Amino acid sequence: MIWETVRLALLALRRNKLRSALTMLGIVIGVAAVIAMVTVGQGSSRSVAASVESLGTNVLSLRPGSRGMGPGPVSTQSARPFSLRDAEALGELSVVKAVSPTVSSTQTVVAGNGNLTTSITGATSGYLEVGGWTVWHGRGFNSAEDRSGASVCIIGATVHKTLFGTADPLGQQLRVGKVSCEVIGLLQAKGAGTFGQDQDELVLMPIRTVQRRLLGNDNVTSISVALAPEVSSQRGAREIEALMRDRRRISGNQANDFSITDRAQIAEVLSGINSVLTGMLSSVAAVSLLVGGIGIMNIMLVSVTERTREIGIRLAVGAESRQVLTQFLVEAVVLSLVGGIIGVIVGLALAFGASLFMAIPFAPQLVIVLLAFGFSALIGVIFGFFPARKAARLDPIDALRHE
Amino acid sequence: MVATPGPSRPPLIELSDVSRTYGSGETEVRALDHTDLIIRQGEFVAVMGPSGSGKSTTMNIIGLLDRPTSGRYLFNGVEVQDLDRDRRALLRRHFLGFVFQGFNLLPRTSALENVELPLIYKGMPRAERIERARAALHKVGLDGREGHDASQLSGGQQQRVAIARALVGEPMVILADEPTGNLDSHRSHEIMRLLQQLNREDGITIVMVTHEDDIAAYARRLVSFADGRIRADAPVPERTPA
């Protein structure tokens, strides 16, 4: 009997294709929005996780000046900068596996016909290890270049593509501001970073080259430290803090004039923000699902009024109230379920498109799909019940007389 | 089976002292006023009377679509005046068939599906339903029209589909409310011959409301209403023969 009722409901819905389609639209949009939001949110969480992994595990960042955790500009003017000797001293700690002092300068980079304004990073060979980079083609800085300030550079995939297209960049000259350098290496692409920035838009030069020839000073603006594998970031931070306080002559109860951040913590904060955003957007989407449900109720009410005579006929030939109720309820549920199925497909397609566009992983989740599906069926039952009950309570005589 | 109605046959429908009022107090309307009526198995009764005379109310009560305000209604010997909505639906499903003036077919639904409808509510398997619905359509002379919907059928054909729907559940009574009211004279007589045939050959009791004397002449007995009461109840004098 229930299968029979489903068949009847499908027939009834097919008789009114346009209306059925429009009614479903609300549910389709609601479900699609929820699915797309959650899937994209999940994808970007995974992307955050992946970029944390790409940072390398157990990496601490040191910056002059005291600052809070997380991204954002900070005034470092008053704070004493680091020096390369600080980096060397840090490298001698047993808890440290690799050290990467860096400076940066925004410059216009020219090669052949192409040019690009980007941030130039002055780094040492430790940069690649700490940042988890691999040289895809060519080589990294050698220790002589680290110390000498040689005119060489290593470029990221985006810079390569912008300046050289598909041509081999090795041995080519790159003009960085007023300095020329020879390209000695091309880095393996990493894709979008934690903040959605393009990590591959990158030009590395030996730190001394940047300090002397582009910036004209000996300052080091940040030092990243990769800890030895078995060392916890707490212990690493403690030892590094002690060393730096000592080197910067900060006495017992004075506050640090530098900060140490655990990049994994930044990622955690980001991923927290990410889930809050996903949650908010999903709630907005859920509201649209609710509106879709109210749309179903509306149309079912109109449908009950319009089909009053049909209901009268059914009652006259012996339909019980329960059977009329079931019929209209099933119609509402079928509407919302079919809408839910279409919504899932549309939502996944949208999420897939967005993932490609945002360069994040496509992360469909069966649980969410099932949940959205179940929820749309529930909406059908809840919002279909009132109109269905109205239909079931009609008086057969009045219903038959209805024009 | 040839029906020979008369006092010898058991009463199928028995209304005793039935009244039906609408509203209450000052605005009370007495549609049916202390009426007695007995219809025996196999009868063909025409019900006439001006509008507001109580004939439609009587039909609704007999058809278990409405309940009397007071009085007793015995259907096939069973008291049914106090049954609830769903029990009355069950009785309609199993023992009654309806034919309306406006045909009342489901729109955008094939003739076959319209005729199947009562059987669906009987819970009959689909194959059997289709077989019975086809047989009923054959009986009313609509072979080959099973797939047509109402908009593709003439008024007479639509009424035949409605009659097929009324008889497909093998009812004891067919209640016809001005079955020829929307039809021209030629089609009207075709429909009446069909009803007469169902009464004579299948022994189905027929109660029919009409405004036209020549339509009433197909019945055996004529009951006339006025002001909520039965004014006359007699055999049809000049019966149109089958």
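FYI, it's all coordinate maths here, none of it is from the lab. The shown structure was predicted, so the numbers you read here are calculated from the model rather than taken from an experiment. Cβ atoms come from the backbone with ideal geometry, glycine included; neighbour counts cover every protein chain shown.
Worth a mention:
- Computing FRET efficiency as 1/(1 + (r/R0)^6) for A:H402 and A:L277, where r is the C-beta to C-beta distance and R0 is 45 Å, gives about 0.30.
- Inter-site label distance for A:A144 and A:M358 at 7 Å from Cα along Cβ, in nm: 4.8
- Rounded to 0.05, the FRET efficiency of the A:E201 and A:F386 pair, given R0 = 35 Å and the Cβ-Cβ distance, is 0.05.
- Here the stretch A:1-40 and the stretch B:30-108 have alpha carbon centers that stand 40 Å from each other.
- Distance from the C-alpha centroid of the stretch A:91-140 to that of the stretch B:164-242: 101 Å, rounded to the whole angstrom.
- Considering helices alone, the calculated mean residue ellipticity of chain A at 222 nm is -18500 deg cm²/dmol, with DSSP H runs of length four and up weighted by -39500 (n - 2.57) and normalised per residue.
- According to the Cα-based calculation, Rg over Rh for the stretch B:143-212 is 0.95, with Rh computed by the Kirkwood formula.
- Footprinting exposure proxy ranking of A:E92, A:E241, fewest other C-beta atoms within 10 angstrom first, gives A:E92, A:E241.
- Within the stretch A:206-279, the trypsin sites (Lys or Arg not before Pro) that combine a DSSP coil assignment with at most 11 other C-beta atoms in a 10 angstrom radius are A:R249.
- In terms of other Cβ atoms within 10 Å, A:W133, A:W3 run from fewest to most in the order A:W3, A:W133.
- FRET efficiency for B:S154 and A:L370, using Cβ-Cβ distance with R0 set to 45 Å, rounded to 0.05: 0.30
- Helix B:126-139 and the long axis of chain B differ in direction by around 80°, with both axes built from C-alpha atoms.
- Overall form of the stretch A:167-251 per C-alpha gyration tensor (a/c, 1.5; a/b vs b/c): oblate
- For a modelled paramagnetic label at A:R212, 7 Å from Cα along Cα-to-Cβ, the residues of the stretch A:137-154 in reach, with backbone nitrogen under 14 Å, are A:144-152.
- Reducing the stretch A:246-316 and the stretch A:155-213 to their Cα centroids gives an inter-centroid distance of 39 Å.
- Along principal axes, Cα extents of the stretch A:301-403, largest first, whole Å: 64, 24, 18
- Mean residue ellipticity at 222 nm, helices only, chain B: -10000 deg cm²/dmol; runs of at least 4 DSSP H residues each add -39,500 (n - 2.57), and the sum is divided by the number of residues.
- For the stretch A:96-239, fraction of C-alpha pairs farther apart than 27 Å, in %: 19
- Only beta bridges with both residues in the stretch B:11-235 are counted; by DSSP, about 55 percent of them are antiparallel.
- Cα-based radius of gyration of the protein assembly as shown once divided by 2.2 N^0.38 Å, which approximates compact folds: 1.70
- Calculated from the alpha-carbon coordinates, the stretch B:11-235 shows an Rg and a Dmax of 17.4, 56 Å respectively.
- Magnitude of the charge dipole, the stretch A:81-256, Cβ model with Lys/Arg +1 and Asp/Glu -1, debye to 20: 400
- Helical segments meeting 27 Å axial Cα length and Kyte-Doolittle 1.6 threshold in chain A (DSSP H): A:321-358, A:366-392
- In a fully extended conformation the segment linking B:D36 and B:E79 would gain 14.0 nm over its present Cα-Cα distance, using 0.36 nm per residue.
- Since only A:A264, B:Q158, A:V38 are under comparison, the one whose Cα sits farthest along the positive direction of the charge dipole of the protein assembly as shown, derived from C-beta charges on Lys, Arg, Asp and Glu, is A:A264.
- If the segment from B:Q197 to B:A226 were pulled out straight at 0.36 nm per residue, it would be longer than the present Cα-Cα gap by 7.5 nm.
- In plain terms, the bigger the Kirkwood radius, the slower the diffusion; for the stretch B:1-80, with that radius from Cα pairs, at 4 °C and 1.567 mPa s, Stokes-Einstein puts D at 96 µm²/s.
- Neighbour-count order for A:S336, A:S251, B:S56, fewest beta carbons within 10 angstrom listed first: A:S251, B:S56, A:S336
- Full extension of the chain between A:L10 and A:R322 yields a length gain of 110.5 nm, computed as 0.36 nm times the residue separation minus the alpha carbon distance.
- Choice from B:T58, B:T69, B:T210 showing the highest fluctuation, given a GNM over chain B with Cα pairs closer than 10 Å: B:T69
- Projected-area mean, the stretch B:47-127, by convex hull of Cα positions, square nanometres: 7.2
- Placing a label point 7 Å from the Cα of A:S83 along the Cα-to-Cβ direction, the residues of the stretch A:219-248 with a backbone N closer than 11 Å are A:219-220, A:248.
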